[in-house]
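Here is the structure we will look at, set down as structure tokens.
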Amino acid sequence: MSQVPASLDSHLTRRLIRDDGPLPEVITDTLAAQDAMKRHTTRATMAVLIATALHAIATGNMLPAFVTEKDGSMRELPTICVDSSEFVVSKLKDRGTHQAFGVVTNAQDFMHILRLYVERELTERKAAETARQASRATA
């Protein structure tokens, strides 16, 4: 997870956390923070927006609707918005992030289930790779 780029805008952070000073690595210049977010969103291959209305809408507004694959083909950018309020999901779609898929649920429950499925997928991939290597060794 440490290779996933991230940026924090102090304007949004202050609203959400009410901090007296910026957290480490928070970009305090709003325009610079917007530029940093834009650099990440233009390279995104998927977006999962979880439980923060301001960040989800701000990020959704910067996301491209489509991404270009290495072979030159285009595909819709998978975008998932998770929030306990239907308002956030609807607002995101109303503001132009038409490709967003909304999940109205508790963020903690979503993260728990997501982790279980990711771990299961990784285990299955590892087992398949081990089986392929074993079949090559015996062939």
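The values are calculated or read from the model by the stated rules, or taken from the named source; none is laboratory data. All of these numbers come straight from a predicted model, not from anything done at the bench. Neighbour counts are summed over all protein chains in view; Cβ atoms, including those assigned to glycine, are modelled from backbone coordinates with ideal geometry.
Here are the numbers for the structure shown:
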item: Residue match in the stretch 73-92 (condition: touching a residue at least 40 places away in the same chain (Cβ under 8 Å) and either on the phi > 0 side of the Ramachandran plot or surrounded by 13 or more Cβ atoms within 10 Å (Cβ to Cβ) (or both)); result: yes
item: Residue within the stretch 114-132 that is in the same structural domain as H55 (by TED's automatic domain parsing), under 30 Å from H55 (Cα atoms) and hydroxyl-bearing (S, T, Y) present; result: no
item: Pick from the stretch 58-103, criterion among the hydrophobic types (A, V, I, L, M, F, W, C) and touching a Cys at 6+ places or on another chain (Cβ under 9 Å), ranking: nearest to L31 (Cα to Cα); result: L92
item: Residue satisfying condition, being in contact with a strand residue (DSSP E or B) (Cβ under 8 Å, 6 or more places away or on another chain) and among the aromatic types (F, W, Y), within set F87, F66; result: F66
